[in-house]
2 protein chains.
Amino acid sequence: MAKRTFPLSRVYTLLESGPVVLLTTARKGRANVMPMSWHTMLDFEPPMVGCVVSNRNHTFGLLKATGQCVIGIPTVDLAVQVVGCGNTSGRTVDKFHTFALTPMPASRVKAPLVVECYVNLECKVIDAKLATRYNFFILEVLKAWIDPTKKNPRTLHHCGKGAFMVAGKTIKLPSKMR
Amino acid sequence: MAKRTFPLSRVYTLLESGPVVLLTTARKGRANVMPMSWHTMLDFEPPMVGCVVSNRNHTFGLLKATGQCVIGIPTVDLAVQVVGCGNTSGRTVDKFHTFALTPMPASRVKAPLVVECYVNLECKVIDAKLATRYNFFILEVLKAWIDPTKKNPRTLHHCGKGAFMVAGKTIKLPSKMR
C-alpha cells in the first residue's frame, strides 16, 4: 500500500456509499479482522462512524476491551479474502495469515492497517453505551489513509449470503448536499 | 408501483449495500420526503434500522413528533428527483408535487409510500434516545413492499456533493455469512 494521508473532513465520501469494510483489532500482540457491512456515518468532522459488531463475533470482546480498531476498505480483487474472513473466527484462526492479508502498524491505534485495502481509517471507540442492547459502537476516525495509486476503486457492497454488488460507474448531479 | 409484500427477514439484503433512500414523513395531512445515506441495519428480524436525520432538517421534527416514516429505495432513473429533494426543504416546498413523486397510503403508518421507488419500508421509531446527541433514530420495519416488475434495480450510492456510484454487477461467493 502506497499510503497518503486523507483529510478527515472527507472521510464520509468513502463510507456513505455503503462498502463492505474489514474491521481490524489487536490485543496482546495478536491481530484479528472481520468483514462488516452494518455501519453508517454519524458526523462529518471529526468523522464519527456507528457500526454493529455482533456479540457472537470474536471482535466484539476485542473492541470492548481495547476501544480501538481500524476500518479498511477492500476492493473487488479482495472478495475471496473478505468472504474467507467472514467464514472463519479469530478464536481459532489467524486470519491475516490464512488469507494472506498483510498487517501494518497504524499511527494512532494498536490495531493494524490492512496493506491490501485501498483505504484505512484508524478509529477509537467513543461511545459503547449501545453495545449491550444493540451491539452498536460509536467510533471516531483519528487518522485516514488512502492509496493514491488505486484509481476508481471498485468497492464491494454486501447483499446477503455472499452476494456482493460491485461498485459501478459514478454520476454527478448539481447538488447543495454535502 | 406494482407492489408485493417482501419478507421482513430479508429486508437487510435491500439496505446493507448502502443505497441512498428517500425518507418520507407526514403530519397534519402534509407529507414530506428527504434523501438519506447515513443508515445501517441494526438487526435482522424484526428488521431494525439506525439512521441519522440532522436536526437542521425539517424531517427531524416530523420524525420526533410522529414516530413514523417510510424508507423508499429509488433507482438511478430517479437521480434528478433525489437530488432535488436534497436541495430543497419541506418547510417551504411541497417536494412530492415539485419533483413529481407520487405518495401512496401505507398500511401501518401515516407516512406515505413513494410509488416511484422499487422498495418501500414502513417504519416506526422504537428508540429516539440518541436523537439529541447524535441525531440518530432507531427504527423497526413493520411492513416491506417491493415492486416485482423492476428487475436488477440499479440503486444510487452517495459519495458526497451530488456524486453517486450506481450499482454495478453482482458477484456471488460461497459464504456462511447471513
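FYI, it's all coordinate maths here, none of it is from the lab. Computed from a predicted structure; not experimentally measured. Counting neighbours? That spans all protein chains shown, and the Cβs are built from the backbone with ideal geometry, glycine included.
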(message) Given the criteria more than 7 Å from chain B (Cβ to nearest Cβ) and out of contact with any Pro (no Cβ under 6 Å at 6 or more places or on another chain), does A:LYS161 qualify?
(response) no
(request) Answer with yes or no whether B:SER54 is small (Gly, Ala, Ser), surrounded by fewer than 19 Cβ atoms within 10 Å (Cβ to Cβ), within 11 Å of chain A (Cβ to nearest Cβ) and over 22 Å from A:CYS51 (Cβ atoms). (result) no
(request) Scan the range A:149-165 residue by residue and report those that are more than 24 Å from B:VAL83 (Cβ to Cβ) and either in contact with a helix residue (DSSP H, G or I) (Cβ under 9 Å, 6 or more places away or on another chain) or of a type outside the set (Ser, Thr, Tyr) (or both). (result) A:LYS150, A:LYS151, A:LEU156, A:HIS158, A:CYS159, A:GLY160, A:LYS161, A:GLY162, A:ALA163, A:PHE164
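Confirm whether B:THR98 is farther than 22 Å from A:GLY168 by Cα, surrounded by fewer than 17 Cβ atoms within 10 Å (Cβ to Cβ) and more than 11 Å from every other protein chain (Cβ to nearest Cβ). Even if it seems obvious, please write down each step before you answer.
Working: farther than 22 Å from A:GLY168 by Cα: yes; surrounded by fewer than 17 Cβ atoms within 10 Å (Cβ to Cβ): yes; more than 11 Å from every other protein chain (Cβ to nearest Cβ): yes.
Answer is yes for this residue.
Does B:ALA65 satisfy the criteria of being surrounded by 18 or more Cβ atoms within 10 Å (Cβ to Cβ) and more than 12 Å from chain A (Cβ to nearest Cβ)? Don't jump to the end; show me each part of the working.
On the way: surrounded by 18 or more Cβ atoms within 10 Å (Cβ to Cβ): no; more than 12 Å from chain A (Cβ to nearest Cβ): yes.
No, not satisfied.
Can you name the residue in the range B:132-153 that is part of a loop (DSSP other than H, G, I, E, B) and surrounded by fewer than 18 Cβ atoms within 10 Å (Cβ to Cβ) and is also farthest from the other protein chains (Cβ to nearest Cβ) among such residues? Please lay out each step first, then the result.
Kept after step one, since they are part of a loop (DSSP other than H, G, I, E, B), are these residues of the range B:132-153: B:135, B:147-153.
Then drop every residue that is not surrounded by fewer than 18 Cβ atoms within 10 Å (Cβ to Cβ), which leaves B:148-152.
Numbers: B:PRO148: 17, B:THR149: 19, B:LYS150: 15, B:LYS151: 14, B:ASN152: 10 Å.
The residue in question is B:THR149.
Looking at the range A:117-131 only, could you name the residues that are assigned to a strand (DSSP E or B) and among the aliphatic types (A, V, I, L, M)? Before the answer, list the steps.
Within the range A:117-131, the first condition is being assigned to a strand (DSSP E or B), and the residues that meet it are A:119-127.
The answer is A:VAL119, A:LEU121, A:VAL125, A:ILE126.
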(request) Consider only pairs whose beta carbons are under 6 Å apart and that are at least six residues apart or on different chains; among these, list those whose first residue lies in the range A:15-34 and is more than 13 Å from A:ASP94 (Cα to Cα) and within 14 Å of chain B (Cβ to nearest Cβ) and whose second residue is assigned to a loop (DSSP other than H, G, I, E, B) and not aliphatic (A, V, I, L, M). (result) A:GLU16/B:SER37; A:SER17/B:GLY18; A:SER17/B:CYS159; A:GLY18/B:SER17; A:GLY18/B:GLY18; A:VAL20/A:SER37; A:LEU22/A:PRO74
(request) Have a look at A:THR75, A:THR98, A:THR102, A:THR88 and point out the one that is among the β-branched types (Val, Ile, Thr), under 24 Å from A:ARG4 (Cα atoms) and in contact with a helix residue (DSSP H, G or I) (Cβ under 8 Å, 6 or more places away or on another chain). (result) A:THR102
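Hey, among the residues in the range A:19-59 that are among the hydrophobic types (A, V, I, L, M, F, W, C) and not in a strand (DSSP E or B), which one's farthest from A:LEU156 (Cα to Cα)? Before you say what the answer is, go through the steps one by one.
As a first pass, look at the range A:19-59 and keep what is among the hydrophobic types (A, V, I, L, M, F, W, C): A:20-23, A:26, A:31, A:33-34, A:36, A:38, A:41-42, A:44, A:48-49, A:51-53.
Among the residues that remain, those that are also not in a strand (DSSP E or B) are: A:20, A:38, A:44, A:53.
Working: A:VAL20: 6, A:TRP38: 13, A:PHE44: 23, A:VAL53: 19 Å.
So, considering only residues that are among the hydrophobic types (A, V, I, L, M, F, W, C) and not in a strand (DSSP E or B), the one farthest from A:LEU156 (Cα to Cα) is A:PHE44.
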(request) Quickly run through the range B:60-95 and pick out the residues that are part of a strand (DSSP E or B) and of a type in the set (Phe, Trp, Tyr). (result) none
